[in-house]
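Only one structure is covered here, and it is reproduced in the block below.
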Amino acid sequence: MKRKEQVTIGSELKEILDRKRMTAYRLSKEIGVAQSYLSKLFKDRFNPSYGLVKKIAETLGYEIRLVKSKKKGGGSFR
């Protein structure tokens, strides 16, 4: 049985940029962050602030949908 690949902000962002044929360099310039900072986001080295996620989404023409989760036993989220 195959394991599902975990979807992360970094992997989703890379996929969106590929679909839009946009470079990380161009996105970094449009949102006002260093390309190295964006690279760390692609590699999921940190969780970006809501403000940065909102700025990225707006720049790429996406909406942010917040999902409310409740922590259940064992630390899992659903």
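Based on this model, can you work out whether residue 60 counts as in contact with a Pro (Cβ under 8 Å, 6 or more places away or on another chain) and at pLDDT 90 or above? It is false that residue 60 is in contact with a Pro (Cβ under 8 Å, 6 or more places away or on another chain) and at pLDDT 90 or above. Given the structure, is residue 21 without any contact (Cβ under 8 Å) to a residue 40 or more places away in the chain, surrounded by fewer than 10 Cβ atoms within 10 Å (Cβ to Cβ) and either β-branched (Val, Ile, Thr) or at positive phi (or both)? Yes; evaluated as a whole, the condition is true for this residue. The helices (runs of 4 or more DSSP H) falling completely within the range 1-61 that include 2 or more residues that are among the basic types (Lys, Arg) map to 9-20, 24-31, 50-60.
Considering each residue of the range 37-57 in turn, none proves to be loosely packed, with under 10 Cβ neighbours inside 10 Å, modelled with pLDDT under 90, under 20 Å from residue 6 (Cβ atoms) and not β-branched (Val, Ile, Thr).
The values are calculated or read from the model by the stated rules, or taken from the named source; none is laboratory data. Nothing here was measured: the structure is a model prediction, and the numbers come from that model. Glycine also receives a Cβ, built like all others from the backbone with ideal geometry; neighbour counts cover every protein chain displayed.
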